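Chemist: The structure that follows is given in the form of structure tokens.
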Amino acid sequence: MSCRVEFTDTAKYDLREIAFYIADQSQEKSVAVRFVTELQEKCKILEDFLESGAIPRDRMMKSTGHRFLVHGDYLIFYKYETSENIAYILAVFNAKRDYMKIMRKFI
């Protein structure tokens, strides 16, 4: 049974900021759009393979059911809500950032 994948407002904002950053750095809007589309497409794997994401090392995040996907230098954090059959994409950001600092608001 497949589930629905839904981006939270925070994740949508993250994607927008990533697009602006890439467009600014590359001076090519099409490069930014293509990369953000790739990030969104990566999330579609969750429709059929919920457990395909890695489990964070952090004990608290692990115990609350958070997982993440990796795409290039970016992490895509999500959480599956069984009762709703929805995988919520919580945040998308560069892997060089401290993920615990960013994800604390979701715990």
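Chemist: Going residue by residue through the stretch 80-89, is there one that turns out to be of a type in the set (A, V, I, L, M, F, W, C), surrounded by 12 or more Cβ atoms within 10 Å (Cβ to Cβ) and under 13 Å from the mean Cα position of the chain (by Cα)?
Modeler: Scanning the stretch 80-89, I find at least one residue that is of a type in the set (A, V, I, L, M, F, W, C), surrounded by 12 or more Cβ atoms within 10 Å (Cβ to Cβ) and under 13 Å from the mean Cα position of the chain (by Cα), so the answer is yes.
Chemist: Specify the residue that is nearest to ASN85 (Cα to Cα); the eligible residues are those in the stretch 24-58 that are touching a residue at least 12 places away in the same chain (Cβ under 8 Å) and of a type in the set (Val, Ile, Thr).
Modeler: Among those that are touching a residue at least 12 places away in the same chain (Cβ under 8 Å) and of a type in the set (Val, Ile, Thr), it is ILE45.
Every number in this text was worked out from the coordinates using simple rules, so none of it is lab data. These figures come from a predicted structure and were not determined experimentally. A quick note on method: Cβ atoms are made from the backbone with ideal geometry, for glycine too, and the neighbour counts reach across all protein chains shown.
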